[in-house]
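Okay, structure first, notes after.
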Amino acid sequence: MIKALIFDMDGTIVDNMGVHTAVWLDVLAEFGVEITAAEFQATMAGMTSLETLRKLVNPEMTDTQAAEIARRKEEQYREQYRAAMQPVRGLLSLLQEARRAGMSLAVATAAGNDNIDFVMNGLALWDSFDAVVGADDVERGKPHPDLFLLAAERIGVPPEHCLVFEDALTGLEAARRAGMAAVAVTTSHNIDEVAHLPQVRQVIPDFTHVTVADFLGEAG
């Protein structure tokens, strides 16, 4: 039985991946890295900033160097996205319904603390979740399962009883590796890219027509 819902943040709680990707492409271009938005979202979304920079710019980049580049990138992202911030449609109703049903709720995101605070404070969501874990809490981002497993541990629910909501291919793979079923949110990829994945139980454009009854009685 599904007892907990674990939400990715960027691209799932908020539809902001277009802004994130555009800013990343500008930053990467400064280092001579050419990559399309589609390629970036398919391969890098869900990774930490350090992982992204070491993979695309310099595998020997130090933590200090990466932190400075990431700080500049994230400041640009927050400045560009601030005025447009809003939850993905239907999210707040689903959270309220899940809470009434006694389900545990968590966020597992590859974002750093500043970006987590930016969204969670901006949408007043802190009280909606039992746990929030991010890049600063783990050594490895997605597609490794660490974020989802830590979220499950903190809410005290076994992975097989958790359902993940995720937009990124790397995040959906992380859910599979964590032993969790997933619902794919198509803010970043189309249905053909995610529907065939074995861990994906449902594909949705947003949360408008999602209810707890859709999965409350399912086996984990």
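Any chance segment 156-172 includes a residue that's under 30 Å from Lys55 (Cα atoms), surrounded by fewer than 18 Cβ atoms within 10 Å (Cβ to Cβ) and out of contact with any helix residue (DSSP H, G or I) (no Cβ under 6 Å at 6 or more places or on another chain)?
Looking through segment 156-172, none of the residues is under 30 Å from Lys55 (Cα atoms), surrounded by fewer than 18 Cβ atoms within 10 Å (Cβ to Cβ) and out of contact with any helix residue (DSSP H, G or I) (no Cβ under 6 Å at 6 or more places or on another chain).
Could you please give the count of residues in segment 94-114 that are closer than 20 Å to Val138 by Cα, of a type outside the set (Asp, Glu) and either modelled with pLDDT of 95 or more or more than 12 Å from the chain's Cα centre (by Cα) (or both)?
First, the residues of segment 94-114 that are closer than 20 Å to Val138 by Cα: 105-114.
Within this subset, residues satisfying the condition of being of a type outside the set (Asp, Glu) are 105-113.
Keeping just the survivors that are either modelled with pLDDT of 95 or more or more than 12 Å from the chain's Cα centre (by Cα) (or both) gives 105-109, 113.
Residues flagged as closer than 20 Å to Val138 by Cα, of a type outside the set (Asp, Glu) and either modelled with pLDDT of 95 or more or more than 12 Å from the chain's Cα centre (by Cα) (or both) within segment 94-114 amount to 6.
Looking only at segment 61-111, how many residues end up being within 22 Å of Glu153 (Cα to Cα) and among the hydroxyl-bearing types (Ser, Thr, Tyr)?
Result for segment 61-111: 2.
What residue, among those in segment 125-136 that are among the acidic types (Asp, Glu) and over 15 Å from Met47 (Cβ atoms), is surrounded by the fewest Cβ atoms within 10 Å (Cβ to Cβ)? Spell out the reasoning first.
Within segment 125-136, the subset among the acidic types (Asp, Glu) is 127, 130, 136.
Within this subset, residues satisfying the condition of being over 15 Å from Met47 (Cβ atoms) are 127, 130.
On the way: Asp127: 8, Asp130: 17.
The selected residue is Asp127.
Looking at (1) touching a residue at least 40 places away in the same chain (Cβ under 8 Å); (2) small (Gly, Ala, Ser); (3) surrounded by 19 or more Cβ atoms within 10 Å (Cβ to Cβ), can you tell me which one Ala66 breaks?
(1)
Quick check: anything in segment 5-25 touching a strand residue (DSSP E or B) at 6+ places or on another chain (Cβ under 8 Å) and of a type in the set (Phe, Trp, Tyr)? Explain how you work it out, then say what you get.
Of all residues in segment 5-25, those touching a strand residue (DSSP E or B) at 6+ places or on another chain (Cβ under 8 Å) come to 5-9, 11-14, 16-17, 20.
Pick out the ones that are also of a type in the set (Phe, Trp, Tyr) and you get 7.
Scanning segment 5-25, I find at least one residue that is touching a strand residue (DSSP E or B) at 6+ places or on another chain (Cβ under 8 Å) and of a type in the set (Phe, Trp, Tyr), so the answer is yes.
Specify which of the listed residues (Leu56, Leu105) is more than 30 Å from Cys162 (Cα to Cα), surrounded by fewer than 21 Cβ atoms within 10 Å (Cβ to Cβ) and in contact with a helix residue (DSSP H, G or I) (Cβ under 8 Å, 6 or more places away or on another chain). First the steps, then the outcome.
On the way: Leu105 fails: more than 30 Å from Cys162 (Cα to Cα).
None of the others qualify; the one that does is Leu56.
The values are calculated or read from the model by the stated rules, or taken from the named source; none is laboratory data. Being a predicted model, the structure only gives us computed values, none of them experimental. Cβ sites come from the backbone with ideal geometry, for glycine too, and all protein chains shown count toward neighbours.
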